[in-house]
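What follows is one structure encoded as structure tokens, with my remarks underneath.
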Amino acid sequence: MRIVALDVGSSSVRAVAYDEHGNAEPGDAHLVYEERDADHLVDACRSVLAQVGDGDTLAISCFWHSLVAVDEHDRPLTPVLTWRDVAGEPPPLDAEAYHRRTGCYLHPAYWPAKLVRLGEQGVDAARYLSFGDYLLLRLAGEARTSVSTASGTGLFDSNRLAWDEETLAALGLDATRLAPVSDEPVAGVWPALGDGACSNVGAGCVEPGRAAVMIGTSAAARVVRTARTTEPKDGLFLYRVDAERFCEGGALSDGGNLHAWLRRTLREVDTSHVADRPAAGHGLTFEPYLGGERSLGWNASRHGSIEGLSFATTPLDIAQAALEAVCYRLADVLDAIGDVTSVVATGGGLLANEAWLQVLADVVGAPVEVSGVPEGSARGAAVVALERLGLRVPDAPVARVVEPRLDRHEIHRRVRNERQPDTNAFVQSDV
């Protein structure tokens, strides 16, 4: 059995081949992209797949929340819209009831606000697809959306496993203009799963107490729960892995992209030793909302800021404050999830930065297991496909464990407790 997994991320695509035990073959294919043209992105996917070669089946992980409007001939009318496209306002709906039904928030990262904006722009679409749906159409000849992908649109009732009628009515949208929901393969290709769900599965975080903390382009903390129905928690999303499993957690719009911004803006500042500096000793308050806020407050108009600057402030002070602030936000998400007994670090932005790993362990005050799976989302897609084929895959490996420094944890705990409740800002002082 040879399974090829395609991981379509928000900035790159990668193809990896796996055996029936979930072990990756050497020689994956990787391609970085910037443009949002749907057909060009399909070409990028075909390119990496050609380099890896055929398998017995193809499993796909694709970034959640994407949207492509197509005409009656399934030709794209828009670029691929992503969670980073946050212009527009959602339709008037009861926010609490909407969250309870869909597990999503009335935030422009999701489809409702995007559909309103496209309507205002006069886009006359025959139907609306995620990029994963569109990719399946081009690779296998039929557009289907998985339960996992549908759960990240903001149009899906994750308990009923059906498009949410009240949201569709508010948008004046008929379900026939959406891809049919199915987890069955088409011509040997499985409908794309949400990349966050795949990341958890690939890293072996499939129990409620075992959380995956991921920093890639963005950042997130998530757990997987097996249940037919459940209720979302305040501040958290509630998506699906499949019809049997939920994926619960919180996402930050600032992660590896924030680190890249620091390097670009602060003249290639070196963050490799920030964990050796005094914890929160810079006297700065950094609010990591350069991409707006998702979890826990879901305020798209919120902006990043730095307070406490002086002539003594150095670029490294700013960088340290930023990386610590992201860890504080991730710790907030873990607290909101509750009952987390182990933390697994995943994502290229985190696994490639030893100092950030140590700061994360210090902030959460618990050992952080470093995933031994370099491509968690790709492996997760492959593992789900293998499970559906009746094969059992061994547990994901752990490369090592980063222990917290409890004296520094106490400092970070105090800093987090000094947050201003009216703004959720982190009020830091010299300690």
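The values are calculated or read from the model by the stated rules, or taken from the named source; none is laboratory data. Fair warning: this is a prediction, and the values are worked out from it, not measured in the lab. Glycine gets a Cβ as well: all are built from the backbone with ideal geometry, and neighbour counts include every protein chain shown. The protein model used for the area step is the full one, side chains on, heavy atoms only, and it has no ligands, DNA or RNA in it. Shrake-Rupley method; radii C 1.70, N 1.55, O 1.52, S 1.80 Å.
For the chain, the solvent-accessible area with a 1.4 angstrom probe is 39 square angstrom per residue. Would you work out what percent of the accessible area of segment 87-234, with all protein chains in place, is carbon or sulfur (probe 1.4 Å)? Carbon-and-sulfur percentage of accessible area, whole number: 48. For the chain, set up a GNM with springs between Cα atoms under 10 Å and report which of H282, H73, H412 has the largest fluctuation. Taking springs between Cα atoms under 10 Å, the residue moving most is H73. On a 0 to 90 degree scale, rounded to 10, what angle separates helix 111-120 from the longest Cα axis of the chain? Taking Cα atoms only, the helix is inclined about 70 degrees. Once you have a ≥ b ≥ c as the square roots of the Cα gyration tensor eigenvalues for segment 50-162, tell me rounded if a/c is under 1.5, and otherwise prolate or oblate according to whether a/b is larger than b/c. Here segment 50-162 falls in the oblate category. Segment 185-242 and segment 1-76 have Cα centres separated by 19 Å.
Tell me, in nm to one decimal, what length is gained between E418 and E72 on full extension, where the rule is 0.36 nm per residue of separation less the Cα-Cα distance? Working shown, then result.
Numbers: separation 346, 0.36 × 346 = 124.56 nm, distance 5.52 nm.
Net length gain for the segment: 119.0 nm.
Can you pull out the GluC sites (Glu not before Pro) in segment 1-95 whose DSSP state is coil and whose Cβ has at most 10 other Cβ atoms within 10 Å?
Sparse-neighbourhood loop GluC sites (Glu not before Pro): E34, E35, E72.
Per-residue extension of 0.36 nm, minus the Cα-Cα distance of E244 and L161, leaves a gain of 28.8 nm for this segment.
Cα centroids of segment 119-138 and segment 310-368: 37 Å apart.
The accessible surface of segment 294-431, taken with every protein chain in place and a 1.4 Å probe, is 53 percent carbon and sulfur. Taking R222, R388, R405 as the candidate residues, the one with maximal mean-square fluctuation in a Gaussian network model of the chain, Cα springs under 10 Å, is R388. With springs only between Cα atoms under 10 Å apart, run a GNM on the chain and tell me which of V147, V363, V52 wobbles the most. Highest fluctuation of the listed residues: V52.
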